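I have placed the structure first, in the form of C-alpha cells, so that the comments after it can refer back to it.
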Amino acid sequence: MTTTDVSDALEHLKLAADVAGVRPPEFVLPEGREVVLRGMRFHYLDWGTTGKLPIVFLHGGALNAHTWDLVCLALRRDYHCLALDQRGHGNSEWSPEMDYRFEAYVGDLEAFVDHLALDRFALVGMSLGAVVTASYASRHSGRLAAAIIIDAGPEPMISGAKRIRDFVAETMEFGSMDEFVDRALAFNPRRDPRLLRRSLLYNLRRAPDGRWVRKNDTRHMVDGSIERLIADASSHWADVSSIACPTLVVRGAESDVLSADGATKLVESLPAGCGVTIPGAGHTVQGDNPRDLIAALREFLQGDRRIGGDPFGRPPGGDK
C-alpha cells in the first residue's frame, strides 16, 4: 500500500469505529499475507498479536476478510486475529474448476490452520463462513477453544437467502461507484453511505473498460439456485451434535435468513451451545452492529458461556 492508501484506510477505520461506537485502544492496519494451499493462492489479514489465542474469521458469501476489520481491531490486544479471504473472494484466487462446494471451503480451512500450525484456536464464521465453521467444528472440535456461528443454521429462511442471492446476481457490474452504492443502500439501509463507498473498494475492482465489477467469482451463480446451495449445506449441519467445544450461535435481531426458532433449535442441538441476539442487525451482523457483536464475543470467549435459556425471542412455553 502507498502512504496515501494507508492514510485513507486508517481514516476509514477511524470513521467506521466512530459511527459504530467502537473504542479500540489503538488504530492499526493488518498485515496482508498470501499462502498457497492445495494448489491455490489465498490472501488473509493478520491482525496480531502473536502469542495470544488465535481466532480465525470466515466471511459470508460475496464478502471478504475486511468485513471483520472493526471486530479484529477491537479484539487484537487479547487475541491473534486472522481473517481469511475464502476461495473466489476478496484477493484470493478463483477456483480454476469453479469448485465452490462447501466441502472445498472446509478443505481450504483445514489446510490453512495446518499451514499456520494452529493447535488450539477459536473459529468465527458468518453465513457461508458459518456453514464452514459448523462443518469444521464437527470434525475437529478437539482443536477448537470455541466456535461462533453467526446468522446461519440448518433451517434457513429461503426468502431471505434468495434475496441475498438475487442482490449479488444483479450487482455483478456497474458503470459507476454511485450506482453500486445506491443499490447496496437499497438492499441494506442500515449502512452509512460514507463507509459503504470506501469499504466497497475491498469488494470491487475496476475493469479495463472502466466498469466496476465484483472481486468475488460469480460465474457459478449464473445457473445456480438457492435450493441447490441449501442442499449442499445440509450435510455440513448434520453432525453438529458432535461439536464438543463451547459454541455460540449469534442471530441478528432483524435477520431474514435465520429465524429465532431456527437459532434456538440449533443451540439445543449443540452439546455446549448458547445463543445471543444482536439488536439493530440483520444478516450481516458484523457490519450492522459491530459494537454489540464485539461485546458478545468478548463475554463468550472470556468464559461467560451460559447454557440454556432462550435468547432468540420465542415466547415462554413455546414449541421446541
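The values are calculated or read from the model by the stated rules, or taken from the named source; none is laboratory data. The shown structure was predicted, so the numbers you read here are calculated from the model rather than taken from an experiment. All Cβ positions, even for glycine, are placed from backbone atoms using ideal geometry, and neighbour counts span all protein chains on display.
Scanning region 25-44 turns up at least one residue that is of a type in the set (Ser, Thr, Tyr), in a strand (DSSP E or B) and at pLDDT 95 or above.
Contact map, region 98-109: residues that are surrounded by 17 or more Cβ atoms within 10 Å (Cβ to Cβ) paired with residues that are of a type in the set (S, T, N, Q), Cβ distance under 6 Å, separation 6+ or inter-chain. Pairs shown: Tyr105/Gln86; Val106/Ser135.
Quick check on my filter: what residues within region 240-277 are charged (D, E, K, R) and either surrounded by fewer than 24 Cβ atoms within 10 Å (Cβ to Cβ) or free of Cβ contacts under 8 Å to residues at least 24 places away in the same chain (or both)? Explain how you work it out, then say what you get.
Taking region 240-277 and keeping what is charged (D, E, K, R), we get 251, 254, 256, 261, 265, 268.
Selection gives Glu254, Asp256, Asp261, Lys265, Glu268.
When Gly125 is tested against (1) at pLDDT 95 or above; (2) farther than 16 Å from Val106 by Cβ, exactly one condition is not met: (2). Restricting region 140-164 to residues that are under 24 Å from Ala186 (Cα atoms) and outside any helix (DSSP H, G or I) leaves a set whose member that is nearest to the chain's Cα centre (by Cα) is Ile150. Please determine whether any residue of region 132-139 is assigned to a strand (DSSP E or B), under 18 Å from Pro271 (Cβ atoms) and either of a type in the set (Val, Ile, Thr) or modelled with pLDDT of 95 or more (or both). Among the residues of region 132-139, not one is assigned to a strand (DSSP E or B), under 18 Å from Pro271 (Cβ atoms) and either of a type in the set (Val, Ile, Thr) or modelled with pLDDT of 95 or more (or both), which makes the answer no.
Pairing each residue of region 24-37 that is touching a residue at least 60 places away in the same chain (Cβ under 8 Å) with any residue that is in a loop (DSSP other than H, G, I, E, B) and aromatic (Phe, Trp, Tyr), provided the two are 6+ apart or on different chains, yields no C-beta distance under 8 Å. Of the strands (runs of 3 or more DSSP E) lying entirely inside region 176-272, those containing at least 1 residues that are over 30 Å from His140 (Cβ atoms) and not aromatic (Phe, Trp, Tyr) span 204-206, 212-214. Summed over region 119-131, the residues that are outside any helix (DSSP H, G or I) and on the phi < 0 side of the Ramachandran plot give a count of 8.
Taking the options Leu10, Leu63, Leu70, name whichever one is out of contact with any Leu (no Cβ under 7 Å at 6 or more places or on another chain), modelled with pLDDT of 95 or more and part of a helix (DSSP H, G or I).
Details: Leu10 fails: out of contact with any Leu (no Cβ under 7 Å at 6 or more places or on another chain); Leu63 fails: part of a helix (DSSP H, G or I).
Being out of contact with any Leu (no Cβ under 7 Å at 6 or more places or on another chain), modelled with pLDDT of 95 or more and part of a helix (DSSP H, G or I) holds for just one of Leu10, Leu63, Leu70, which is Leu70.
For Glu110, are the conditions met, namely being in contact with a His (Cβ under 7 Å, 6 or more places away or on another chain), at pLDDT 95 or above and acidic (Asp, Glu)? Quick ask: steps written out before the conclusion?
Values: in contact with a His (Cβ under 7 Å, 6 or more places away or on another chain): no; at pLDDT 95 or above: yes; acidic (Asp, Glu): yes.
Against the criterion (in contact with a His (Cβ under 7 Å, 6 or more places away or on another chain), at pLDDT 95 or above and acidic (Asp, Glu)), Glu110 does not qualify.
The numbered conditions (1) surrounded by 17 or more Cβ atoms within 10 Å (Cβ to Cβ); (2) without any contact (Cβ under 8 Å) to a residue 60 or more places away in the chain; (3) more than 23 Å from Leu37 (Cβ to Cβ) are all true for Gly153 except (2).
Whether any residue in region 48-55 is of a type outside the set (Lys, Arg), in contact with a Cys (Cβ under 7 Å, 6 or more places away or on another chain) and either closer than 21 Å to Thr284 by Cα or not in a loop (DSSP other than H, G, I, E, B) (or both) is what I want to check.
Among the residues of region 48-55, at least one is of a type outside the set (Lys, Arg), in contact with a Cys (Cβ under 7 Å, 6 or more places away or on another chain) and either closer than 21 Å to Thr284 by Cα or not in a loop (DSSP other than H, G, I, E, B) (or both), which makes the answer yes.
The set of residues in region 68-92 being over 18 Å from the mean Cα position of the chain (by Cα) and of a type in the set (Asp, Glu) consists of Asp78 alone. Evaluate the following for Ala169: is it surrounded by fewer than 17 Cβ atoms within 10 Å (Cβ to Cβ) and touching a Lys or Arg at 6+ places or on another chain (Cβ under 8 Å)? Judged against the criteria, Ala169 is not a match. Of the residues making up region 279-302, those that are of a type in the set (S, T, N, Q) and part of a loop (DSSP other than H, G, I, E, B) are Thr284, Asn289, Gln302. Against the numbered list (1) within 22 Å of Asn216 (Cβ to Cβ); (2) without any contact (Cβ under 8 Å) to a residue 12 or more places away in the chain, Thr2 comes up short only at (1). Would you pick out the residues in region 274-302 that are under 13 Å from the mean Cα position of the chain (by Cα) and among the acidic types (Asp, Glu)? Within region 274-302, just Asp288 meets the criteria.
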